[in-house]
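Quick notes on the structure that follows.
The values are calculated or read from the model by the stated rules, or taken from the named source; none is laboratory data. In this text, all values refer to a predicted model and were calculated from it rather than measured experimentally. Cβ placement follows ideal geometry from the backbone for every residue including glycine, while neighbour counts extend to all protein chains displayed.
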Amino acid sequence: MQCIALLMAAGSGSRFGADRPKQFLTLAGKPVLRHAAEALLREGGVDAILPVCAADSQALVAGMLEGLPCLPPIPGGATRQASVRAGLEALAANPPALVLVHDAARPVVPPGTVAALRAALAAHPGAIPAQPVTDTLKRGAGGLIEATVPRAGLFRAQTPQAFRFADLLAAHRAATAEATDDAQLLEAAGMAVALIPGHEANIKITWPEDLARMEATLSPHLI
Ligand code: C5P
């Protein structure tokens, strides 16, 4: 079954505070975005990548991904959800059976992830890697704790997230509120999304120390 991976790279990375979006910064000699693309492709199971980026970064992104099986980058939107929607609509005329959605700011896709996601799609319309929450969770306001939130049954969602293409497109077209990941839109549409084990190495680079830590430890998954 054909599987296209959307590589989400249209964010400005304002929290990171660098002169370039974090997905374009260099990690171990390569752009973070190229690490993410190579990691998605490494074990098979993904036929091609469709990068989604800012309109003024399309040439830059095409250059960073040179030599990989990538479609020409397309422009994203003002939110992550709008960017994913743009990617899905670009594929809708000639739809793949399966689609992965991956944050370009996540340079590590741990071994076995794509295969496990694809296996889960045999039984469910969507599947995501997620890690159980291990810290105690507090809701706070004004610098004080308001409540302790029970962590039992809570997970941290990662990407790549995998979907049957037609179901994700329908969920996006039906969306009435902004979601921070794609699984949320399937949930809202009443479709089952499977959880597969995530991995601590699958970090979304958000703060400068994330990049520094990755450079220092250089996960074996990365090279
Ligand atoms: O901002 P956040 O870290 O949640 O973004 C996750 C991913 O979504 C990043 O790789 C970012 O480039 C992408 N994104 C996007 N379009 C936006 C906002 C974020 O493709 N408008």
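Values as computed for the structure displayed
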quantity: Whichever residue in segment 60-80 is part of a loop (DSSP other than H, G, I, E, B) and within 12 Å of the ligand (Cβ to nearest atom) and, among such residues, is surrounded by the fewest Cβ atoms within 10 Å (Cβ to Cβ); calculated: 78
quantity: Residue within segment 17-31 that is away from the ligand (no atom under 15 Å from the Cβ), at pLDDT 95 or above and either of a type outside the set (D, E, K, R) or at positive phi (or both) present; calculated: no
quantity: Positions within segment 180-201 being in a loop (DSSP other than H, G, I, E, B) and either under 13 Å from residue 169 (Cα atoms) or of a type in the set (A, V, I, L, M) (or both), in sequence order; calculated: 182, 189, 191, 192, 201
quantity: Top-ranked residue in segment 112-135 [being assigned to a helix (DSSP H, G or I) and touching an Asp or Glu at 6+ places or on another chain (Cβ under 7 Å); ranked as surrounded by the fewest Cβ atoms within 10 Å (Cβ to Cβ)]; calculated: 115
quantity: Criterion: within 13 Å of the ligand (Cβ to nearest atom) and closer than 26 Å to residue 194 by Cβ - qualifying residue of 57, 83; calculated: 83
quantity: Yes/no for residue 179 being of a type in the set (Gly, Ala, Ser) and either surrounded by 13 or more Cβ atoms within 10 Å (Cβ to Cβ) or in contact with a Phe, Trp or Tyr (Cβ under 8 Å, 6 or more places away or on another chain) (or both); calculated: yes
quantity: Answer from 38, 43 - the residue that is away from the ligand (no atom under 13 Å from the Cβ) and either under 13 Å from the mean Cα position of the chain (by Cα) or under 16 Å from residue 105 (Cβ atoms) (or both); calculated: 38
quantity: Qualifying residue in segment 150-157 (condition: touching a helix residue (DSSP H, G or I) at 6+ places or on another chain (Cβ under 7 Å), among the small types (Gly, Ala, Ser) and not in a strand (DSSP E or B)); calculated: no
